[in-house]
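See below for the structure under consideration.
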Amino acid sequence: MNHTPRGYCIEDLEEGMSATYGKTITEADVVLFAGISGDDNPIHVDEEYAKGTRFEGRVVHGMFLAGLISCVVGTRLPGPGAIYMGQTLKFRSPVRIGETVRVLATVIDVNREKRRVKLETRCMVGERLVADGEGMLLVESREQINTTAVVAEEEVA
């Protein structure tokens, strides 16, 4: 039998539920993200270049923050089994290496019929809002999970 971890089912979600994740951004995080994404813009990877910009130093990739949001929705709320359908994101303030970003995802709408949940997503450094937006996710129902489990058991037998 498959023991894949599951997150919340659509029936379990209510407006106001929330989850968080925090990460202190390191030099290695930025360098690895640049390598993985191919985004080696010198504003992120070259301190001498970045000092001459309006930011007066390197800043963390905005899409790195999007990845931290993905961490919250994929592992905590709604969690494993949820499928991202979309995410809006506005960058409000730069993030620097060494800063700790705390991501907060809060349920703002649940559509049980369509099995969709809308989340408000916020990235904070201390009390400073650095990015925010809304995510839309497709979430399994208990019926779907139970049907999948029965089919898996029949295949094993």
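Bear in mind these aren't lab numbers, they're just calculated from the coordinates by the rules spelled out. This is a predicted model, so every value here is computed, not measured. So basically every Cβ, Gly included, is an ideal-geometry build from the backbone, and we count neighbours across all protein chains shown.
Net charge dipole, region 21-130: roughly 720 debye, given to the nearest 20, about the Cα centre with Cβ charges of +1 for Lys and Arg and -1 for Asp and Glu.
For the chain, DSSP calls about 100 percent of its internal beta bridges antiparallel.
Based on the Cα atoms of the chain, what semi-axes does the equivalent ellipsoid have, where each is the square root of 5 times one gyration tensor eigenvalue, given in whole Å with the largest first?
36, 18, 11
Spin-label model, residue 106/residue 46: points 7 Å from Cα along the beta carbon direction are separated by 4.1 nm. Near residue 109, once Lys and Arg are set to +1 and Asp and Glu to -1 for all other residues with Cβ below 14 Å from its Cβ, the sum equals 0.
On full extension, the segment bounded by residue 14 and residue 141 gains 44.3 nm, given 0.36 nm per residue less the C-alpha separation.
Each peptide in 14-22, 129-137, 110-118 gets a packing score, the mean of other Cβ atoms within 10 Å over its residues, and the list from highest to lowest is 129-137, 110-118, 14-22.
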